2 protein chains.
Amino acid sequence: MSRYNEMWRSLGLNMEAHDQLLQALPPTYHDVYLTQPGRPAGMEYFDFVINEIHGLRIQELQEHKAAGGKVIGAFCVFVPEEIVRAAGGICIGLCSGIDLGGAEAEKVLPRNICPLIKSFMGFKLAKICPYFESCDLVVGETTCDGKKKAFEILNDYIPVHVMETPHMKKERDRELWLDEVKEFAGLVEQTTGSAITPETLARSIREVNGKRRALLRLAELRKNNPAPISGKDSLLIEQIAMYDDVERFTAKVNELCDELEQKVRDEAGIFPAGTKRVIVTGTPMAIPNWKVPHIIETSGAVIVAEELCTGLRYFENLVPEEADNLESQIRNVAARYMGINCAVFTPNTARMDRLVELVKEYRADGVIHCALSFCDPYAVEANRVEQVLKKESIPLLKIETGYDREDAGQLKTRIEAFIEMLE
Amino acid sequence: MSRYNEMWRSLGLNMEAHDQLLQALPPTYHDVYLTQPGRPAGMEYFDFVINEIHGLRIQELQEHKAAGGKVIGAFCVFVPEEIVRAAGGICIGLCSGIDLGGAEAEKVLPRNICPLIKSFMGFKLAKICPYFESCDLVVGETTCDGKKKAFEILNDYIPVHVMETPHMKKERDRELWLDEVKEFAGLVEQTTGSAITPETLARSIREVNGKRRALLRLAELRKNNPAPISGKDSLLIEQIAMYDDVERFTAKVNELCDELEQKVRDEAGIFPAGTKRVIVTGTPMAIPNWKVPHIIETSGAVIVAEELCTGLRYFENLVPEEADNLESQIRNVAARYMGINCAVFTPNTARMDRLVELVKEYRADGVIHCALSFCDPYAVEANRVEQVLKKESIPLLKIETGYDREDAGQLKTRIEAFIEMLE
């Protein structure tokens, strides 16, 4: 019996279903993560965080709440964490990467829908996610049809505020988004009961930038050949970035980077020299959706970058830190998020340009485009990626897959064949 | 050999594939339409229009073009026809309701995508649609992810201008949309080479309103019990509304309504007294997608209204006709389109309210919600419809289906059972 049982019960979790989840995670984690040879010692912290994913971190959130703090959950990298922190709140990523509660979800959703959406709905309806149950407010957005419409349903079960991410990046879209961020700031102040001041926002911008800088430092190290860390471990860190304590996480990533710098000096790669280097791009991979990265890195390649929301899109752009008044600060925050190369935007040419740059910067041999099943924005945009990469003679493999294991064998065959033919 | 062969060849159509399409249509049309007993005499015109769908109407467009006119194609009821006409252009609905060219479409699109999107892409890539080939400009919009992203691809083959339909109906969304309409007006002027003046726009608003009034008159007549016209015939008229000559069409619908008024006075229903009355709601049904309406009306019910884009959403709201300056006129036009209850909007509560009203106004016994396969906006929003109708004790059947015939038997069984249990 877990020492957190009482806490989980008090959150109203369905204990039986939650136990199933807790039992499913460790063997998967063991197979995917702990069997990797030569992992950096600094991964120990992240292993610990995963081990305590529904334990210690939830306890911290509860302590924060007991002290009068608020917890705000989000499903997307567009929700500005700076704003939440500036009002004393904690911002938690809620995306779900496992099919649990699917039967519950299908009572309110169509069967043929993106597994991420089915997952978060299932988590809420079946009451198996302590993060959800810790939230004072959930923030959605309009980045895709499925989520946009599913939030209307989710709002029956927990209060959801939806931020409108526009479809384009014209001046009028930027203005609309700025207004959305301002409205959100007001709502956050109301929820937390704390005013956002130029001082608290400046600090929070610095803190969140600090997290991004640490992740960027990690990303930079992966440009080395041989790469000092696996793509799976890097993805894990990027996933944990979305719910761990910001300052502790930042310190731990920087510690890891110190270690990796030594490895780079020693030319100690995580895989043998000559291992093929690939970039993964497409839809977000939420914990514990490590399926494709695991297949890639057990098929003779190393992933050197994730052009994903659980990857570079989350930390690539910083918010300028010079502004000293709220209006300018909030403008800077809003502008930073409009720099995300999300497929909600039409056209999303900046993503294509960035992919080509990344292939050069990270010395990648090829790109694997991975879209979740039924994800129209990325599955259709894959054609644009294909067009651009073809022009640049960069090899591309396109995959569509869900959270089930049924296609694992077929995926392995395709991925092996792709890696085999990389030069 | 058709007398239009030369015209089709000059448009660059794939003659073989186009012949297949022309051969497929008449038997379907015969079975679905011409076998209906007691059809109004006024349907003869619409039968003629369908018979000439790729013939006379295309010839008219070519004559318009030969005289220096322009043709602008659209995929959505958000594209303001008033603006196109005010600059002397002809606005043509391009949505496609049949799976032809699917193999071509799947070269650039994912397999699991809405059949309407696959259809229009297939029509363009396989060169089987003379409307497409007559267009000087195609106008897309951002009403759903699939179309939004597919327009980026379509733009490789024909110039596509995309209008940004916002996700919400807040004041800032209305302002954004107004700017989109203004930008569109400028583009239309540039394309046609003709200025939009207060006079031409006033006339065009009146003409398009005239079409809407005729369709509203037809809709009003269907409130009578027994209904004087079938739902299938009404849908056909609503489909034809999107590409036929506006003034001729308006006159013909009004002539038909004169005839139907007499039928109402005579209490002559198109189906026997006591036939169950249903409202169809959901995704648009483009020509020749008559599958579900045909099943419904051969299973003991009459459709009395379509809460569809090929239905009430297309003609419910009029543009005010009083304004005499461009700024006010364009504001009125933009505002009219923001009144459409499209699932792009979150929340889309006005649609739910309207559905309940419609059931009362049209004395319907039940509602059939019909979403195209993989259509997230409507398939997910179906849950909201279900919730509202349940509260009002209005029976609902939810269907998801594509353009193939494979599920026709299963659909018939479900629809018959639903109609059977209506009281």
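The values are calculated or read from the model by the stated rules, or taken from the named source; none is laboratory data. All values derive from a computational prediction rather than experimental measurement. Note that we place each Cβ from the backbone using ideal geometry, even for glycine, and neighbour counts take in every protein chain shown. In case anyone asks, the SASA skips ligands and DNA or RNA and just uses the protein heavy atoms, side chains included. Shrake-Rupley method; radii C 1.70, N 1.55, O 1.52, S 1.80 Å.
A convex hull fitted around the alpha carbon atoms of the range A:1-136 yields 145 Å³ per residue.
Once the Cβ-Cβ distance between residue A:217 and residue B:213 is put in as r, and R0 is 60 Å, what FRET efficiency do you end up with, to the nearest 0.05? The formula returns an efficiency of 0.35 here. For residue A:162, the residues 5 or more places off, or on other chains, whose built amide H falls under 5 Å of its own are A:140.
Placing a label point 7 Å from Cα along the Cα-to-Cβ direction at residue B:298 gives distances to the equivalent points in the other copies of 5.3 nm, listed shortest first.
Look at the stretch B:146-155: the mean tally of other chain Cβ atoms within 10 Å of its residues' Cβ atoms is 6. Counting only lysines at least 8 places from residue A:124 when in the same chain, those with an alpha carbon closer than 27 Å to its own are A:65, A:70, A:107, A:147, A:148, A:149, A:291, B:390, B:391, B:398. Set Lys and Arg Cβ to +1 and Asp and Glu Cβ to -1, take the dipole of the range A:348-423 about its Cα centre, and tell me which of A:356, A:403, A:413 lies farthest positive. Positive-most Cα among the choices belongs to A:356. For the range A:325-392, applying the loop criterion from DSSP together with a ceiling of 15 other beta carbons within 10 Å to the trypsin sites (Lys or Arg not before Pro) yields A:363.
Interface residues of the range A:97-119, defined as those losing at least 30 Å² of solvent-accessible heavy-atom surface relative to the isolated chain (probe radius 1.4 Å), are listed as A:110, A:112. The portion of the accessible surface of the range A:62-108 made up by carbon and sulfur, rounded to a whole percent, is 50 (1.4 Å probe; DNA, RNA and ligands excluded). Using 0.36 nm per residue and subtracting the Cα-Cα separation, the extra length available between residue B:14 and residue B:258 on full extension is 83.7 nm. Between identical copies, the spacing of residue A:409 label points, each set 7 Å from Cα toward the C-beta atom, reads 3.1 nm from nearest to farthest. Judged by the mean number of other Cβ atoms found within 10 Å, the most tightly packed of the peptides A:173-183, B:303-313 leads the ranking B:303-313, A:173-183. Counting only other chain Cβ atoms within 10 Å of each residue's Cβ, the peptide A:170-183 averages 3.
Modelled spin labels at residue A:179 and residue B:24, positioned 7 Å past Cα toward Cβ, are 4.4 nm from each other. At a threshold of 10 Å², the residues of the range A:360-375 that become less accessible to a 1.4 Å probe in the full protein assembly than in their chain on its own are A:374. With the Kirkwood sum run over all distinct C-alpha pairs, the range A:265-407 has a hydrodynamic radius of 16.6 Å. Normalised by residue count, the range B:120-200 yields a Cα convex hull volume of 107 Å³ per residue.
Each principal axis of the Cα cloud of the range B:89-154 was evaluated for its coordinate range; sorted largest first, these ranges are 35, 25, 18 Å.
Of the peptides A:221-231, B:370-380, B:394-404, the order by per-residue mean of other Cβ atoms within 10 Å, starting with the highest, comes out as B:370-380, A:221-231, B:394-404. Amide H contacts of residue B:367 (H built 1.01 Å from N, in plane; Pro and chain starts excluded): B:279, B:396, B:397 sit under 5 Å, all sequence-distant by 5 or more or on other chains. Computed packing ranks the peptides B:123-130, B:60-67 as B:123-130, B:60-67, most packed first, by mean other Cβ atoms within 10 Å. Net charge of the neighbourhood of residue A:303, taken over other residues with C-beta under 12 Å away and scored Lys/Arg +1, Asp/Glu -1, is -2.
Note on chain B: dipole from Cβ charges, positive end direction compared against B:309, B:67, B:379; the farthest Cα belongs to B:379. In this structure, residue A:41 and residue A:195 have a Cβ-Cβ separation that, at R0 = 41 Å, corresponds to a calculated FRET efficiency of about 0.45. Taking each DSSP H run with n ≥ 4 as -39500 (n - 2.57) and averaging over every residue of chain A yields -16000 deg cm²/dmol at 222 nm. Close amide H partners of residue A:305, meaning residues 5 or more places away or on another chain with modelled amide H under 5 Å apart, are A:280. Net charge in the neighbourhood of residue A:257 (other residues with Cβ under 12 Å of its Cβ; Lys, Arg +1, Asp, Glu -1) is 0.
Built from the Cα atoms of the range A:73-208, the convex hull projects on average onto 8.5 nm², one quarter of its surface area.
When the trypsin sites (Lys or Arg not before Pro) in the range A:244-273 are filtered for DSSP coil states and for at most 11 other beta-carbon atoms within 10 Å of their beta-carbon, no site remains. Put simply, chains A and B cover up around 3800 Å² of each other's accessible surface, both sides summed, when a 1.4 Å probe is used.
Accessible surface calculations at 1.4 Å, restricted to protein heavy atoms, place chain B at 36 Å² per residue. Measuring max minus min along each principal axis, the C-alpha atoms of chain B give extents of 57, 52, 45 Å (largest first). Net charge of the neighbourhood of residue B:327, taken over other residues with C-beta under 14 Å away and scored Lys/Arg +1, Asp/Glu -1, is -2.
Run the paramagnetic zone check for residue A:266: 7 angstrom along Cα to Cβ, then residues of the range A:27-49 with backbone nitrogen under 16 Å. Counting backbone N atoms under 16 Å from the label point, the list is A:37-44.
Each other copy holds its own label point for residue B:44; taking that point as 7 Å from Cα along Cα to Cβ, the gaps run 9.2 nm, nearest first. Note on the protein assembly as shown: the C-alpha convex hull projects to 36.6 nm² when averaged across all orientations. Per-residue shielding of B:380-389, expressed as the average number of other chain Cβ atoms within 10 Å of the residue Cβ, stands at 4.
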